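Step one of this worksheet: look at the structure below.
Please treat every number below as a calculation from the coordinates, not as lab data. Computed from a prediction, not measured in an experiment: that's the story for all the values here. Cβ sites come from the backbone with ideal geometry, for glycine too, and all protein chains shown count toward neighbours.
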Amino acid sequence: MNLIRLAIIGLIVWLLYRMFYRMLNKPKPQQKVKQQAPSHNMVKCAHCGIHIPTNEALHHNGHDYCSPEHRDAGPSGPGE
Ligand SMILES: [Zn+2]
């Protein structure tokens with residue numbers, strides 16, 4: 001009997017300890033959110049090299065282009 005009571009008391013103490021520990025370790029909003037996160041990634045036109053936002057770029061065959069004309073013209077080749 002004593003052993004069971006001891007085990008139950010131990011369990012209660014352990015649960016209280018865990019609750020207390022959790023209360024002490026509340027997640028604090030300390031993580032600073034970067035406010036200047038880039039909303040647009042810039043990509044380079046494969047034809048003329050101009051930089052354009054990703055959402056405005058035309059993607060074709062793994063390349064990004066600034067305009068349909070340059071997309072049709074294709075990449076300017078290696079280098080510039
Ligand atoms: Zn271009």
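Among 68-74, 10-16, the peptide with the highest mean count of other Cβ atoms within 10 Å heads the list, and the full ranking is 68-74, 10-16. Kirkwood-type hydrodynamic radius, segment 40-80: 9.8 Å, calculated from all non-identical alpha-carbon pairs.
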